[in-house]
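The values are calculated or read from the model by the stated rules, or taken from the named source; none is laboratory data. Just so we're clear, the structure is a prediction, and the values are computed from it rather than from any experiment. Heads up, the Cβs are rebuilt from the backbone with ideal geometry, glycines too, and the neighbour counts pull from every protein chain shown.
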């Protein structure tokens, strides 16, 4: 067997593979470039940014060039802090999270009804704790009352129920999982955390909440091939992958998506 041509698409400027409790050396070792097969790989680079080319936006072209320079390590870094200097026209500098929210989501109290406006913006942060706080703060600006959906958390091994009580399971927020207490409003921007109906409803699809019912959420898709369609999202059993024991969380497979982590933002179009 052999002789099969395999095309692998990716960007080494993006986040390294996530190794639970691993070191930086573990992350580097997990990269494709560390494989013994890498010497047989012929790298091909895309030379034209089609999004910039089709839009004909000169400023977007300059922005894309600056991003490439940063990603390729061509911007000199401070030898002590490791920080780099960026040009004044690269981005807007804000002094607080409150100012950032107002810059990205101005007049959201009325603008949230415009799905095109809503899906083309998001706040990115490195840690989930920051993402969660910003999401709740922005959702509070929407009109109406928030509806609370609490998950049902259980351990698979009955003998471990005493060791891992329900209260403890409720307090956990594993990566890639919805929270135990999911609070949503009509008009909130949400993101799917699991594939429900590929390719229409996939992990990473963003939607806008339309109706909140006790056992199902009606939402309008804002991204992907089903853009503009109204869909129903049920509660499903979710199994966290980074826990030392097996447990199940029965919850809607969604999170607020006004803000998202760097990892979750990869692949999104903003």
Residue in segment 168-187 that is at pLDDT below 95, surrounded by 12 or more Cβ atoms within 10 Å (Cβ to Cβ), in a strand (DSSP E or B) and in the same structural domain as residue 122 (by TED's automatic domain parsing) present: no
Residue check for residue 240: within 28 Å of residue 166 (Cβ to Cβ) and assigned to a loop (DSSP other than H, G, I, E, B): yes
Selection count, segment 35-50, where residues are surrounded by fewer than 12 Cβ atoms within 10 Å (Cβ to Cβ) and touching a helix residue (DSSP H, G or I) at 6+ places or on another chain (Cβ under 9 Å): 1
Candidates 245, 232 - the one that is loosely packed, with under 15 Cβ neighbours inside 10 Å and assigned to a strand (DSSP E or B): 232
Complete set of residues in segment 202-221 that are free of Cβ contacts under 8 Å to residues at least 60 places away in the same chain and surrounded by fewer than 21 Cβ atoms within 10 Å (Cβ to Cβ): 202, 203, 210, 211, 213, 214, 215, 216, 218
Of all residues making up segment 1-34, the number that are part of a loop (DSSP other than H, G, I, E, B), out of contact with any helix residue (DSSP H, G or I) (no Cβ under 8 Å at 6 or more places or on another chain) and farther than 18 Å from residue 267 by Cα: 13
Residue check, residue 100 closer than 30 Å to residue 252 by Cα, out of contact with any helix residue (DSSP H, G or I) (no Cβ under 6 Å at 6 or more places or on another chain) and not assigned by TED's automatic domain parsing to the domain that holds residue 224: yes
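Taking segment 196-213, which residues are outside any strand (DSSP E or B) and either under 15 Å from the mean Cα position of the chain (by Cα) or modelled with pLDDT of 95 or more (or both)?
First, pick out the residues of segment 196-213 that are outside any strand (DSSP E or B): 196, 198-200, 202-205, 213.
The answer is 202, 203, 204, 205, 213.
Just one of 142, 118 is out of contact with any strand residue (DSSP E or B) (no Cβ under 9 Å at 6 or more places or on another chain) and closer than 23 Å to residue 212 by Cβ; which is it?
Numbers: 118 fails: out of contact with any strand residue (DSSP E or B) (no Cβ under 9 Å at 6 or more places or on another chain).
Unique residue meeting the criteria: 142.
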Residues that are touching a residue at least 40 places away in the same chain (Cβ under 8 Å) and closer than 20 Å to residue 214 by Cα, drawn from segment 151-176: 151, 152, 153
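Could you check segment 68-84 and list, in sequence order, the residues that are farther than 28 Å from residue 46 by Cβ and either part of a helix (DSSP H, G or I) or within 27 Å of the chain's Cα centre (by Cα) (or both)? Write out each step before concluding.
First pass over segment 68-84, keeping only residues farther than 28 Å from residue 46 by Cβ: 78-83.
Within segment 68-84, 82, 83 qualify.
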